[in-house]
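The values are calculated or read from the model by the stated rules, or taken from the named source; none is laboratory data. The structure displayed is predicted, hence computed values, not measured ones. In this analysis, Cβ positions are derived from the backbone assuming ideal geometry, glycine residues included, and neighbour counts consider all displayed protein chains.
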Amino acid sequence: MIQRAKALLYDAPPQPSIDTARTTAQSHFRTLRCGTPFQPRIDALARTNDWYNWAGYRAPHSLWDEELEYFAIRSQAALFDISPMTKYRVEGPDAEAFLNRVTLRDVTKLKSGRVHYTAWCDDEGFVLDDGTLFRLSPTRFRLCSQERHLPWLLDSAIGFDVTVEEETAAVAGLALQGPTAFAVLHDAGFAGVENLKVFDLADFPHDGDPQGNSQVTISRTGFTGDLGYELFVPSEQALSLWDRLMAAGELRGIRAIGYTALNRARLEAGLIVANSDFVTSEHAIRADRLRMPDEIGLGFMVDLEKGHFNGRRAILDARTKKRLRHVLVGLEIEGSIPAEHAIVYYRKGQEVGLISAAMWSPMAKRNIAIASLARPFGDTMVDDLWVEIYAMRELQYQKLMKRAKVVPRPFIRLDRRTANPPAGF
Amino acid sequence: MKAWDAIVIGGGHNGLVNACYLQRAGLDVLVVEKNGWVGGAATSRELTPGFLYSNCSYVCSLFRPEIMRDLELPRYGLQVISYEGGAVFTRDGDYLANYRDHDAHRREFARFSRRDAEAYDRYSRDVTRQCRFIQPLLMRTAPDPTSFRPRDIGELLYLGRKFAGLTPEEMALTLRFWTMSISDFLDEYFETDVIKANFALSGIIGTALGPMSPGTAYVLLHHYMGEVDGSVGAWGYARGGMGAVTKALAASFQASGGTIRTGAKVDHVLVRRGKASGVVLAGGEEISGKLVVSNADVKRTFLKLVEEKELPDIFLRRVRNFKIRGSSGKVNFALDSLPEFPALPKDSPVYRGDMHFTDSMERMERAYDDWKAGQWSADPFLDMVIPTTLDPTMAPPGKHFMSCFVQYAPPKVNGREWTDADRDGFAESVIAQISDYSPGFRDRIVHMEVRTPREIEVEVGLTEGNIFQGELTFDQLLFNRPVPGYAQYRSPVGGLYMCGSSTHPGGGVMGAPGRNAAAEILRDLAKPTTHMSPAHDVI
C-alpha cells in the first residue's frame, strides 16, 4: 500500500492548470497597492499625491489640502473612501447566536436595520479588534473592522449554522460626512433617507445601475462625530454612486478627502483606532501590550448578562481580582501645542502613560489627546497629571511641561449629528 | 621553532571569525586550512571557466551584523544582495509564492486559502515572539547548569528571568515550539497543504528528520533569525558567491596581521601533559602553538585529530553519539541560459528567489522515508536558487549559476559507501524533478557538480556532510551543544577549544560560534574584549 502511494506521488508529473481563477490571480504581484473601486475618481482628484498603505490598498493621506479637507467635514460634506475596511458577511440561521458568542455586546438587542459599534476578544479577554456590526436582515450581518479575522471567525463558528465570508473587495464603501451630508443625499434622490436615525440603515435604489435593480445600503453612521452617512454598493456600482453624489453635492460643497482630515475629526469625536490607540491582540509581539476592553474605554460594551462570549471568563476574572492595569482616557492639555506621543507624568516626575493621538481641536478650541495610563492614574487618581511635549521647531526641541486634565470623550458634541429629521443645510 | 599564540584548524567562516577576533586582541594567530583555498562551507569556486560556484552554502542572512561591524566586512568587500521572495511549484501547474510585501504575501496565499492568508499574521506574531526569546542567546556563551561559578549562575538567572518574563501562554508555546514537529506546529495555524509545505521547508533543511519528527519546529526558528543589513528576516546572495563572506574575513584577518596557510592539512593535535601544544600536519611538519582552536566539527576534532587516550570516556562516548547525520547533498549547475518555468510569469521576482517543488507535507515526509531506508529520496526536496539573476559577476553574460540544495541524502547508501553510480543516480533525481517544471532544463546544463554526503565530507570536512556540524534539535542546543559540560567552547584537553557550528548556537553562516569562542579564549587569557561588540538589544 505504501509502495503504491509512493508510486502515485513520484510518477505524477505537473498537470496542466485546472484552477484558472487561481492562476488568473497570480498577476497581483505587479501591483503591491491595489486601487479601490473608486480609484479612477480619486486619482483624478489627487493633487498632492500623498498616499499611504491601508490594508494593501493605495489610500490618500490627503488629496488637495489636508487643512481644508478637515473643514470640508465640519462645514460642508466630505466624501471618504472606506472600501479598504475589512468586511465580513455573516449569514445563516445561527448568525445572531454566533455573533453574540464572538462579540462583546448583546446582538439580540440589535434589530434588523440597525448598526452598533462593538469589539471582540480572544479567550484571554484581550481585544482582537473593534468595529461596526450591521444587521442587514434577521439572518444576515456585515462586520467591518480594521484588521483581518477570518481564521478567528471561522474557528469560532464551529457548531453554529452560519457562513462567514470575507467580502472586502466585493463591496465598495463611502463615508459621506458633514453638515450638508443629508442635503446631498436628498438632492441625489435617495427618497426617505430623512427617516434614518443615528445607527439606522436601509436599502435604497441606485439609479446609476442600467438594469435598475441595484441597491445602495445607507447607514447613518460615521467616524467624525458629525452628521453623516456610510454608503455600501457592489463594487461594480462604485463609480456611478460616486458620480451621483458628486453631481448632487456640487452646490453643497462636497469634497473628497484623505485620512489626515478624517483622523482629526475622529479624535475630536473621541473615537479610537485599532493599532494606533491600542495594539490588537493578534499583532502584539510584546505580551504586555495586550489590552482588555476595560483598559481601552470599551468596558461599556461588555454584556455579562447575555450568556457566554469569547473572553468573558477572563474579563470577569480581571474585574473581580482588580487586575485591569491600564485605562484609556481623554485629556485636555493646557496651551495649544499638540502633545502627540508625549509621555504623561504624575507630579511632573513619575511616568504614568503615553499619548497615542493629540491635536489642537478647531471645533472644541482646545488642546486634546487620547492617552493610555497605568491605573490608578486616570482612574482614581486624576489630579496633578502633566505631559512633556517635545516640539521640534527649526531643529530644536522646545520642551514644554503642560498640565493635563482628564475629560470625558467625545471632546465635541454636535446636535446636528443626532437631530431628527436631519437639517438640510 | 616559532610558537604561535593560537593555531586555528580550518579556514571556514567560524574559524576565520575566531582568528580575526584573536588577532585583533593582539595574539599572533595562524590559520591552517587543508584545502588550497579558505572558506570551508562558504566558498566560491570556479569549477568551470567563467562560472563561480557557491558550491556549499548558497544564501546569506544569519551572519551576525555585530561581527560584520567588528571585523569591518563591508570595508573588505562583502556585499549582500537581498532577494524578494520565492515559490513552491505545485503539481497542477501553478505555484505558491512568498513575497516580502505583507499584502502581496496575503493575496498570494489567498489564491489558495483566504483563511490561511489571514492566519499568517498570528503565525508570524508567534514565530516573532519565539525569535525574540532566542535571539539574545545567540551571542552569549550558554551557561553550565552544573556549575556554581557566579558567571554561570548569572547566565542561568538571565535565562530563567527571560523565561519567567513570559506569560503562561507564552511559556506553553515556547516549550511546545522547542519540542514539536514542524508539521504539528503548522497545523495550529494553517489548513492548506501547499502553504504548510512552504513553511515546513525551513524546519527540515540540513536535518536528518522529517517534517513530522518532533523537534523540527525549532529548526524553522533558526532560519528566521537572520537579516540583510538590518532588514529582519531577509535573505540574500553574497556578491561573488558565498566565498565573498570568507574572502572578506580572510582580508580582514590578514590586514590585522594574521597568517593563513592553505594546503596544510592537520593530521593531529599535539597534546603534552593534557595540554594542546600545537598541530602536526599531514606531511609530518610540527607547528607549535600556545593554544589550538578547532573549526572542525566535534566528531572530526575529537575522533580524528586528538588521540583517544587524551579524552575522558564519557566525553568520547557523547561525541560519538552526537547526532551529526548526513541528510543532504548539493547539485550545482552552470547553465548556458536562464531556465524557463512555464508556471511562472516571465517578470516574476520568484526567478531571483528560492524555488521549491515539494508541494505537500506527505511528499516531504516520504522523501524522508527513503532516507530512513538508506536511500536518497526518489522525489527529493530541493532548495534551488539562481544567484546570477542578481549577481552577474558569477557567470559569463547571459549564462547562469544555479545552486540546488537536495534533501534527503543518506550518509551511506543501503549501509555501504556511496559509489559514483549512486552519485549519478542522485543527480538524476534532481535533474528529473527540475525538468518536470522546466522543460528543456537538461539541455541548458554546461557543467555540473554533484556533492553527496561523501563529497561534502571529503572535500569540505563536514562529518557525514552535515551542514550544521550537528543537528539543531533541542537535545543538542544551548548547554548541551555539543556535549554537556563542554558547551563553553573548551574541551577536556587544556588549551584546545572548539569554534565550529558544533558549538552553541549552531550552524548556518552566522559567525556566532567563532565569535563566542574567541570571547571565552580571551577570558582565559585575561585579555580585554573591548573590540567585540555586544549583541544588539532586542527591545
Could you count how many residues in region B:279-317 are in contact (Cβ under 8 Å) with a residue 60 or more places away in the chain and either among the charged types (D, E, K, R) or closer than 26 Å to B:Gly506 by Cα (or both)? 21
Please state which one of B:Asp28, B:Asp101, B:Asp116 is at pLDDT below 95 and among the acidic types (Asp, Glu). B:Asp101
Can B:Arg454 be described as of a type in the set (Lys, Arg), assigned to a helix (DSSP H, G or I) and over 12 Å from B:Gly329 (Cβ atoms)? no
Filter result (more than 14 Å from chain A (Cβ to nearest Cβ) and part of a strand (DSSP E or B)) within region B:56-99: B:Cys60, B:Val80, B:Ile81, B:Ser82
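Consider A:Gly125 carefully, then state whether it is modelled with pLDDT of 95 or more, buried (at least 22 other Cβ atoms within 10 Å of the Cβ) and outside any loop (DSSP other than H, G, I, E, B).
Numbers: modelled with pLDDT of 95 or more: yes; buried (at least 22 other Cβ atoms within 10 Å of the Cβ): yes; outside any loop (DSSP other than H, G, I, E, B): no.
The answer is no for A:Gly125.
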I'd like the residue in region B:100-109 that is crowded, with 20+ Cβ neighbours inside 10 Å and not basic (Lys, Arg) and, out of all such residues, is farthest from the other protein chains (Cβ to nearest Cβ). B:Phe109
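Condition check ((1) in contact with a Phe, Trp or Tyr (Cβ under 8 Å, 6 or more places away or on another chain); (2) farther than 24 Å from B:Gly508 by Cβ) across all residues:
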site	(1), (2)
B:Asp121	no, yes
B:Arg125	no, no
B:Thr146	no, yes
B:Pro168	no, yes
B:Ser183	no, no
B:Leu186	yes, no
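Report yes if A:Ser83 is away from chain B (no Cβ under 14 Å), closer than 30 Å to A:Leu63 by Cα and part of a loop (DSSP other than H, G, I, E, B), otherwise no.
On the way: away from chain B (no Cβ under 14 Å): yes; closer than 30 Å to A:Leu63 by Cα: yes; part of a loop (DSSP other than H, G, I, E, B): yes.
Taking the combined requirement at face value, the residue satisfies it.
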For residues in region A:20-61 being charged (D, E, K, R) and in a strand (DSSP E or B), which is surrounded by the fewest Cβ atoms within 10 Å (Cβ to Cβ)? A:Asp50
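Filter the strands (runs of 3 or more DSSP E) completely within region B:231-340 down to those with at least 2 residues that are surrounded by fewer than 24 Cβ atoms within 10 Å (Cβ to Cβ) and on the phi < 0 side of the Ramachandran plot. Let's see the steps before the verdict.
Numbers: elements: B:236-238, B:259-261, B:266-272, B:275-281, B:286-289, B:292-294, B:328-335.
Once the strands (runs of 3 or more DSSP E) in region B:231-340 are filtered for at least 2 residues that are surrounded by fewer than 24 Cβ atoms within 10 Å (Cβ to Cβ) and on the phi < 0 side of the Ramachandran plot, what remains is B:259-261, B:266-272, B:275-281, B:286-289, B:328-335.
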Going through (1) farther than 30 Å from B:Met384 by Cα; (2) among the hydrophobic types (A, V, I, L, M, F, W, C); (3) at pLDDT 85 or above one by one, B:Ala197 fails only at (1)
Looking only at region B:346-385, filter to residues that are under 23 Å from the mean Cα position of the chain (by Cα) and basic (Lys, Arg); which one of those is surrounded by the most Cβ atoms within 10 Å (Cβ to Cβ)? B:Arg352
Could you give me the residue pairs with C-beta distances under 9 Å whose first residue belongs to region B:147-175 and is acidic (Asp, Glu), whose second residue is surrounded by fewer than 15 Cβ atoms within 10 Å (Cβ to Cβ) and outside any helix (DSSP H, G or I) wherever it lies, and which are 6+ apart or on separate chains? B:Asp152/B:Thr146
With the first residue restricted to region A:24-43 and required to be within 14 Å of chain B (Cβ to nearest Cβ) and free of Cβ contacts under 8 Å to residues at least 24 places away in the same chain, and the second required to be outside any loop (DSSP other than H, G, I, E, B) and among the basic types (Lys, Arg), Cβ contacts under 7 Å at 6 or more apart or on different chains are A:His28/B:Arg107; A:Gly35/A:Arg58
Find all pairs meeting these conditions: Cβ atoms under 6 angstrom apart; at least six residues apart or on different chains; first residue within region A:265-283 and at positive phi; second residue crowded, with 22+ Cβ neighbours inside 10 Å and not in a strand (DSSP E or B). A:Gly270/A:Phe411
Spot the failing condition for A:Glu166; the list is (1) touching a Lys or Arg at 6+ places or on another chain (Cβ under 6 Å); (2) away from chain B (no Cβ under 12 Å); (3) not β-branched (Val, Ile, Thr), and only one is missed. (2)
Any idea which residue in region A:202-221 is farthest from the other protein chains (Cβ to nearest Cβ), counting only those that are crowded, with 22+ Cβ neighbours inside 10 Å and not in a loop (DSSP other than H, G, I, E, B)? A:Ile218
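Here are some residues: B:Ile386, B:Ile445, B:Ile456. Which one is out of contact with any Asp or Glu (no Cβ under 9 Å at 6 or more places or on another chain) and touching a residue at least 24 places away in the same chain (Cβ under 8 Å)? First the steps, then the outcome.
On the way: B:Ile445 fails: out of contact with any Asp or Glu (no Cβ under 9 Å at 6 or more places or on another chain); B:Ile456 fails: out of contact with any Asp or Glu (no Cβ under 9 Å at 6 or more places or on another chain).
Criteria check complete, one pass: B:Ile386.
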Evaluation of A:Leu9 against (1) surrounded by fewer than 21 Cβ atoms within 10 Å (Cβ to Cβ); (2) at pLDDT 95 or above (one fails), failing number: (2)
For B:Phe163, only one of the following conditions fails: (1) in a helix (DSSP H, G or I); (2) surrounded by fewer than 18 Cβ atoms within 10 Å (Cβ to Cβ); (3) within 22 Å of the chain's Cα centre (by Cα); (4) not polar (S, T, N, Q). What is its number? (3)
Single match in B:Asp359, B:Asp369 (criterion: within 14 Å of chain A (Cβ to nearest Cβ), at negative phi, assigned to a helix (DSSP H, G or I) and at pLDDT 95 or above): B:Asp369
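Pick out the one residue from A:Thr108, A:Thr118 that is in a strand (DSSP E or B) and β-branched (Val, Ile, Thr).
On the way: A:Thr108 fails: in a strand (DSSP E or B).
It is A:Thr118.
Got at least one residue in region A:174-190 being free of Cβ contacts under 8 Å to residues at least 60 places away in the same chain, in a loop (DSSP other than H, G, I, E, B), on the phi > 0 side of the Ramachandran plot and outside the structural domain of A:Phe223 (by TED's automatic domain parsing)? Talk me through it step by step, then tell me what you get.
Step one: list which residues in region A:174-190 are free of Cβ contacts under 8 Å to residues at least 60 places away in the same chain, which gives A:189-190.
After this cut, where a residue has to be in a loop (DSSP other than H, G, I, E, B) as well, the list is A:189-190.
Narrowing further to those that are on the phi > 0 side of the Ramachandran plot: A:189.
The next check asks that each one be outside the structural domain of A:Phe223 (by TED's automatic domain parsing); those that pass are none.
The answer is no, given that none of the residues of region A:174-190 is free of Cβ contacts under 8 Å to residues at least 60 places away in the same chain, in a loop (DSSP other than H, G, I, E, B), on the phi > 0 side of the Ramachandran plot and outside the structural domain of A:Phe223 (by TED's automatic domain parsing).
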Is region B:111-133 home to any residue that is within 14 Å of chain A (Cβ to nearest Cβ) and in a strand (DSSP E or B)? no
Pairs, please: C-beta under 8 Å, at least 6 apart or cross-chain, first residue closer than 15 Å to A:Phe98 by Cα and in region A:120-138, second polar (S, T, N, Q) and in a strand (DSSP E or B)? A:Trp120/A:Thr103; A:Leu133/A:Thr103; A:Leu133/A:Thr118; A:Phe134/A:Thr217; A:Phe134/A:Ser219
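For the condition more than 14 Å from chain A (Cβ to nearest Cβ), touching a strand residue (DSSP E or B) at 6+ places or on another chain (Cβ under 9 Å) and assigned to a strand (DSSP E or B), what is the one hit in B:Asp383, B:Asp422?
Details: B:Asp422 fails: assigned to a strand (DSSP E or B).
Being more than 14 Å from chain A (Cβ to nearest Cβ), touching a strand residue (DSSP E or B) at 6+ places or on another chain (Cβ under 9 Å) and assigned to a strand (DSSP E or B) holds for just one of B:Asp383, B:Asp422, which is B:Asp383.
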Given the condition within 14 Å of chain A (Cβ to nearest Cβ), over 17 Å from B:Lys330 (Cα atoms) and surrounded by fewer than 18 Cβ atoms within 10 Å (Cβ to Cβ), answer yes or no: does some residue in region B:386-407 qualify? no
What are the residues in region B:166-190 that are of a type in the set (S, T, N, Q) and within 11 Å of chain A (Cβ to nearest Cβ), if any? B:Thr167
Within region B:367-382, residues free of Cβ contacts under 8 Å to residues at least 60 places away in the same chain and out of contact with any Phe, Trp or Tyr (no Cβ under 8 Å at 6 or more places or on another chain) come out as B:Lys372, B:Ala373, B:Gly374, B:Gln375
